[in-house]
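Following: one structure in structure tokens, then a few remarks.
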Amino acid sequence: MLVSLMLFASGCSQNTSEDENRVENLSENLSEKRENLSNLSENITEKRENLSNLSENITEKRENLSNLSENLSEKRENLSDVRENLTDRI
């Protein structure tokens, strides 16, 4: 009977040690997951800022293209006027 009690106590002690190890591992995993979530949150914030900057850049580029198109139209009109003037002179 004493041997049985000793074996039972030894098994309980081993189980407690295993449980403590599991709890420690779970705690470490949870800490890692929290850190990963924090990093992901920072990455998402950075990506949103980048998207906002890209959107602003696209808007600027569209405005620039519109201005270039207007300038090109003006140059064509000027060129046409110059041709007419040259034709009139000849």
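Residue by residue through the stretch 84-90, what is 3J(HN,Hα) from phi via Karplus (6.51 cos²θ - 1.76 cosθ + 1.60, θ = phi - 60°)? Round to whole Hz and write x for glycine and proline.
Values, residue by residue: 4, 4, 5, 5, 5, 6, 7 Hz.
What are the ³J(HN,Hα) couplings of the stretch 25-31, residue after residue, when phi is run through the Karplus curve with 6.51, -1.76, 1.60 and θ = phi - 60°? Round to Hz, x for glycine and proline.
Rounded to whole hertz, the list is 5, 4, 5, 5, 4, 5, 4.
Using θ = phi - 60° and the Karplus relation 6.51 cos²θ - 1.76 cosθ + 1.60, list the HN-Hα couplings for the stretch 69-83 in order, rounded to whole Hz, with x at every Gly or Pro.
With the stated coefficients, the stretch 69-83 comes to 5, 4, 4, 5, 4, 4, 4, 5, 4, 4, 5, 4, 4, 4, 4 Hz.
Can you give the accessible area per residue of the stretch 16-68, in Å², using a 1.4 Å probe? Spell out each step's value before the answer.
Values: 4970 Å² over 53 residues.
Roughly 94 Å² per residue, with all protein chains present.
The values are calculated or read from the model by the stated rules, or taken from the named source; none is laboratory data. Remember, predicted model here, so these are calculated numbers, not experimental data. Heavy atoms of the whole protein, side chains included, go into the accessibility calculation; ligands, DNA and RNA do not. Shrake-Rupley method; radii C 1.70, N 1.55, O 1.52, S 1.80 Å.
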